[in-house]
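Rule-based calculations on the coordinates, nothing more; no lab input. Quick caveat: nothing in here was measured; it's all calculated off a predicted structure. Neighbour counts are summed over all protein chains in view; Cβ atoms, including those assigned to glycine, are modelled from backbone coordinates with ideal geometry.
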């Protein structure tokens with residue numbers, strides 16, 4: 001620090017100058033000491049939640065928030081004090097979930113379709129595997145299959161995300177305390193992983209009632225069950241992602257801490273189908289799980305870190321401040337279920353009026369303009385059109401591709417009314433939003449790369 005002093009005109013001015021100089025020096029020393037003391041006093045994050053909304057872009061979050069019942073309410077994930085935008089590319093511009101999951105789990109860029117290996121095929125350690133060696137308890141949770149791409153990136157090392165049976169063999173070898181998911185995907189003619197899991201001491205549960213009855217000290221658990229996003233009663237045989245997480249915190253809390261990766265995986269499936277209704281429902285269910293994590297944080301504020309992010313955006317959802325996604329909330333079923341209903345109508349050779357009634361009830365479309373009714377009738381004609389080999393005419397293919405024309409026509413009408421657009425049924429290169437609260441949450445601000453997230457979590461946990 002450089003100071004310039006002018007010759008004082010009197011003893012009084014010299015005294016004032018020296019007093020100011022000493023005061024400034026003491027302030028600098030005090031600040032330096034305070035910073036060093038802060039470093040000494042800083043405690044590592046002991047309980048860490050990494051929450052990944054698969055396919056959940058900025059507009060998926062915004063559309064869900066606009067559909068909250070209370071006007072002006074915010075998603076829990078968007079109420080966190082620190083936030084930033086995160087780049088999602090793999091070794092190419094548009095990632096898939098395997099490469100994105102590997103980036104979030106292992107902190108390296110890799111090729112699409114690859115799990116737990118770098119771009120040259122070398123095995124890389126995930127943050128979950130590293131923390132397990134340090135005595136931290138690990139929970140891997142999803143509402144998709146346990147060996148699906150995102151959860152698998154935290155424990156598997158495979159050149160192909162579709163090698164489901166191979167990926168399953170990594171589960172029992174991890175020793176992780178808890179796995180939660182819909183089920184296991186198995187390649188044709190391959191064995192299911194149950195025997196391997198039992199040999200390694202895992203308890204295998206496949207009912208909500210069994211999982212609810214678990215208590216601390218239950219040992220290693222694999223819970224496979226259909227997890228719903230719909231609200232359920234306390235005695236329901238179904239279970240939500242939020243309830244699963246509440247039980248996980250009960251089971252995993254211990255002196256050495258825990259690391260829980262929880263994926264809201266069905267957001268991605270909804271957006272692949274350009275189904276805003278389901279995207280909103282799944283995002284809200286994911287936010288309910290984040291609320292459970294936030295409630296845990298409120299009980300352990302000096303020990304807990306919650307990071308919420310996404311692996312990529314799906315669908316190219318277009319939304320602005322004047323859009324009204326809440327118009328989709330009159331929809332009664334997920335889009336794929338409506339497709340099934342309309343296809344059943346086709347099998348039964350239902351009339352146009354009968355099909356029109358089915359889709360109006362399913363989409364919650366009470367009134368239709370003449371032009372809208374005509375577009376659905378035209379789509380009905382395209383639906384019923386068949387040739388001997390059941391191939392569609394070229395002009396029909398251009399309009400609807402392989403999708404159900406009636407359902408697509410209704411979806412287009414609703415999108416127009418709501419002021420939303422979809423640019424693709426695949427992934428995009430859009431940046432996603434990351435938010436955080438708790439110990440070390442200040443590291444999650446500004447623009448980040450997806451490979452930065454596990455590095456910053458380790459920094460918050462003071463783990464090298």
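General remarks:
- Rg/Rh (Cα only; Kirkwood hydrodynamic radius) as it applies to the chain: 1.09
- Between the Cα long axis of helix 405-418 and the first principal axis of the chain there is an angle of about 40°, rounded to the nearest 10.
- Taking all Cα pairs closer than 8 Å and separated by 6 or more residues, the relative contact order of the chain comes to 26 percent.
- Between the range 118-145 and the range 259-280, the alpha-carbon center distance in angstrom: 22 Å
- DSSP assigns beta bridges within the chain; of those with both partners inside it, close to 30 percent run antiparallel.
- For the pair residue 455 and residue 250, a Förster radius of 35 Å applied to the C-beta separation gives a FRET efficiency near 0.75, rounded to the nearest 0.05.
- Spin-label pair residue 85/residue 403, simplified geometry with 7 Å Cα→Cβ offset, distance in nm: 2.7 nm
- FRET efficiency, residue 378 to residue 298 (Cβ-Cβ, R0 56 Å, nearest 0.05): 0.55
- Stretchable slack from residue 322 to residue 92, in nm (0.36 nm times residue separation minus alpha-carbon distance): 79.4 nm
- Put in order of Cβ neighbour count within 10 Å, fewest first, the listed residues 106, 67 become 67, 106.
- Its Cα gyration tensor gives the range 183-293 an equivalent ellipsoid, and the semi-axes of that ellipsoid, as √(5λ) in whole Å with the largest first, are 25, 20, 14.
- Value of [θ]222 nm, deg cm²/dmol, for the chain, DSSP H segments ≥ 4, -39500 (n - 2.57) each, nearest 500: -13000 deg cm²/dmol
- Global form of the range 142-208, assessed from the alpha-carbon gyration tensor, a/c cut-off 1.5: rounded
- Shape of the range 295-348, Cα gyration tensor, a/c cut at 1.5: prolate
- Projecting the alpha carbon convex hull of the range 47-174 along each direction and taking the average yields 9.2 nm².
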